[in-house]
Structure formats: structure tokens, C-alpha cells
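Structure first, commentary second.
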Amino acid sequence: MRPTLIAAALAASTFLMGTSFAHADQLADIKKKGELVVGVLGTDEPATFVDPKTRQIVGYEVDLVDAIAKKIGVKPVLKQIAVAARIPELQQGHVDLVAAGLTHNKEREAQIDFSLTTFVTGQKAIVKKDSGITEVPQLAGKKVLTIRGGTQEPNIRKAVPNVEVVTFDTSQQAFQALQQGKGVGYVDDEAALLRSYAKLGPAKAQYVVLKQNLSTESLAIGIKKGEAALKAVVDETLRDLEKSGEAQKIFVKWYGPDTASGFQSRDFKFNTDKIE
């Protein structure tokens with residue numbers, strides 16, 4: 001190839017690479033469009049749920065998203081997605097972030113990136129009292145209900161290898177199925193499970209929350225793989241919330257002693273994106 005053609009080819013290649021890298025900068029795209037589109041469940045009280053009075057999606061993760069959007073200088077736009085669609089929606093570029101009760105684990109690290117841990121919770125099972133079940137191993141051979149597409153199903157199967165699992169699109173559907181007698185137990189993250197349990201009112205006497213944790217889950221905000229600039233601003237926002245004390249206030253607002261969740265303390269901080 002002649003020197004002039006080589007130079008032209010190199011110039012074209014450099015231009016295309018530059019264009020590719022610019023296009024890959026999702027943070028720049030977010031600033032340009034003026035919106036941060038975030039995938040949320042909208043069915044996971046108090047993390048993200050529809051306020052019956054305002055009909056707006058609110059919650060713990062929404063407050064974090066609002067802070068991130070403010071840091072970037074754009075408008076937050078919430079898009080409801082299903083549990084099973086969280087990672088595909090992010091990978092396909094339909095949302096910029098996912099704040100949807102997303103467990104950070106090693107398997108998912110191959111698919112997406114994660115922010116600093118935003119919540120730590122155990123997964124528990126609740127059973128009907130008349131089932132006679134008092135410990136997790138007693139769920140062997142029994143029908144247990146949970147959410148489709150989350151870590152709940154693999155975790156209960158790991159804890160009780162011969163359990164029968166039936167999954168539903170939302171936690172509300174699964175918990176309602178328990179009340180309707182379609183299974184003897186229901187599995188979910190502790191915070192969400194205790195919230196559902198509290199809403200039973202006097203009917204709580206008919207149910208028992210088993211003490212044993214099926215697993216300990218580190219939840220985080222999902223970020224498309226390789227978007228370093230976006231991850232940096234998300235993590236910086238979370239660190240700022242921790243440093244200012246706002247992270248503690250947001251936790252108490254949604255999960256504290258005066259809420260249905262009734263957590264007496266916050267045993268984690270926004271300080272790491274590492275998991276064991």
C-alpha cells in the first residue's frame with residue numbers, strides 16, 4: 001500500500017476509534033439528552049413502589065437515584081421493569097442504570113458493573129403457622145413461592161435441595177399466593193418480607209418468619225459494563241451521601257424503627273463495591 005493510502009487508512013481508523021469511544025461514554029450521552037433513565041421495579045416496597053396517594057414511584061432506591069441525577073445535572077426518569085428483565089434492559093441500553101433490588105454477585109459481575117453496595121440484607125422464609133414448620137430444612141419436599149428472576153429461587157434451592165419452587169413476576173403476587181394456600185412458604189429479602197408480614201395486621205398470628213437466613217445479599221445499582229465515567233459519578237454521589245449523613249437519614253426514612261420494616265440499626269455503609 002502506498003504511503004499516502006496508509007496515512008489515509010490510519011487517519012480513518014483513528015477517527016472511527018475516536019467516534020466509537022465517544023459513543024461508548026454513556027455519561028456524556030446522559031448529559032446530552034438531559035435525562036438519567038433508571039430501571040426500577042416499582043413493586044418492591046419500600047425500595048421502589050407506587051405511592052397510592054400521588055401515584056408516583058417513590059422509595060429508598062428512588063432517593064438514591066434522585067441524588068445521582070442531581071449530581072450529574074439531569075432529570076431522573078424511572079422506568080418500571082420486571083425482575084427478570086433487569087440485566088437485559090441495562091445491557092441493551094434501554095436504561096442507563098438499574099436500581100431494582102439488584103443483588104451483586106460474582107456471576108453477574110461478568111455481565112454488568114455495580115456501584116458501591118447500597119443495602120445489605122438477608123433472605124428469609126415465612127410460613128403458615130399451621131404447617132408446623134419451624135426451621136428451613138423442614139421445607140424439603142414442600143411448595144415454596146418466590147419471585148421469578150431473582151436470587152431467591154437459587155438460594156432456597158441451595159439451602160433445601162429438594163424443595164418445590166413456584167415463581168411469580170412480583171413479590172405481591174407470590175405473597176398473595178401464600179395467603180391463598182398455594183404454598184406453605186414464601187421467600188424474599190428480609191426487608192421486603194418483613195414489610196409484607198407487617199401489612200397482614202391481625203392475620204400475622206397465622207404466620208411465622210423463620211429465623212435462619214438463606215443468604216446474605218449485597219444490593220447495588222447496576223451499571224452497563226465498562227462505563228467507568230458513569231460508575232465514578234454514581235459512586236462519588238453515594239460517598240457524598242455517606243459523608244454528609246444523608247445516607248443514614250434516607251435509611252431511617254424508609255427502613256427505620258418507625259416504619260413497617262422496623263430496622264433498629266443500619267449495619268452497612270456506602271464504602272465498597274467488593275463482595276466476598
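When only the Cβ of Lys, Arg, Asp and Glu is charged (+1, +1, -1, -1), the dipole of the chain relative to its Cα centre reaches about 320 debye. Within the stretch 52-77, find all residues whose amide N lies under 18 Å from a label point positioned 7 Å from the Cα of LYS33 along Cα-to-beta-carbon. Correct set: 65-66, 68-77. The string of couplings for the stretch 266-274 from the Karplus curve (6.51, -1.76, 1.60, θ = phi - 60°) is 10, 9, 8, 9, 7, 9, 8, 10, 8 Hz, one whole number per residue in order, with x for Gly and Pro.
Just check the stretch 140-268 against the gyration tensor rule for me: Cα atoms, a ≥ b ≥ c as the square roots of the eigenvalues, rounded for a/c under 1.5, and otherwise prolate or oblate depending on whether a/b exceeds b/c. Walk me through the intermediate numbers first.
On the way: a/c = 2.56, a/b = 1.52, b/c = 1.69.
It comes out oblate by the Cα gyration axes.
Rounded to a whole number, what % of the accessible area of the stretch 122-276 do carbon and sulfur atoms account for, probe 1.4 Å? Could the numbers behind the result be given before it?
Details: 3720 of 7660 Å².
So the carbon and sulfur contribution to the accessible surface is 49 percent.
In this calculation the C-beta distance from GLN80 to ASN105 is compared with R0 = 22 Å, giving a FRET efficiency of 0.40.
Calculated on the alpha-carbon coordinates, the convex hull of the chain measures out at 156 cubic angstrom per residue. Against the chain, whose longest principal axis is taken from its Cα atoms, helix 246-255 shows a tilt of about 40°. Of the three principal axes defined by the Cα atoms of the stretch 134-195, the extents in descending order read 24, 23, 19 Å.
Calculated [222 nm] ellipticity per residue, helices only, for the chain: -11500 deg cm²/dmol; basis is -39500 (n - 2.57) per DSSP H run with n ≥ 4, divided by all residues, nearest 500. Fully extending the segment from ARG266 to LYS204 would add 19.8 nm, taking 0.36 nm per residue of separation and subtracting the current Cα-Cα distance.
Solvent-accessible area per residue in the chain equals 50 Å², computed with a 1.4 angstrom probe and all protein chains kept. Applying 1/(1 + (r/R0)^6) with R0 = 35 Å to the Cβ-Cβ distance of GLN180 and LYS249 gives a FRET efficiency near 0.35. The residue among GLY132, LEU116, THR43 whose Cα reaches farthest toward the positive pole of the charge dipole of the chain, with charges on the beta-carbon of Lys, Arg, Asp and Glu, is GLY132. Distances between placed amide hydrogens fall under 5 Å for GLN80 paired with VAL40, all partners being 5 or more residues away or on another chain. Extending 7 Å from the Cα toward the beta-carbon at both GLN172 and LYS142 defines two label points whose distance is 2.7 nm. Our coupling estimate for the stretch 233-245, obtained by passing each phi through the Karplus curve with A = 6.51, B = -1.76, C = 1.60 and θ = phi - 60°, is 6, 5, 5, 4, 4, 5, 5, 5, 4, 5, 5, 7, x Hz, Gly and Pro reported as x. Within a straight-line Cα-Cα reach of under 23 Å, LYS70 can be paired with the following lysines, leaving aside sequence neighbours fewer than 8 residues apart in one chain: LYS31, LYS32, LYS33, LYS79, LYS224, LYS225, LYS231, LYS243, LYS249, LYS253, LYS269.
The values are calculated or read from the model by the stated rules, or taken from the named source; none is laboratory data. Nothing here was measured: the structure is a model prediction, and the numbers come from that model. Glycine gets a Cβ as well: all are built from the backbone with ideal geometry, and neighbour counts include every protein chain shown. Please note that ligands, DNA and RNA were not included when accessible areas were found on the heavy atoms of the full protein model with its side chains. Shrake-Rupley method; radii C 1.70, N 1.55, O 1.52, S 1.80 Å.
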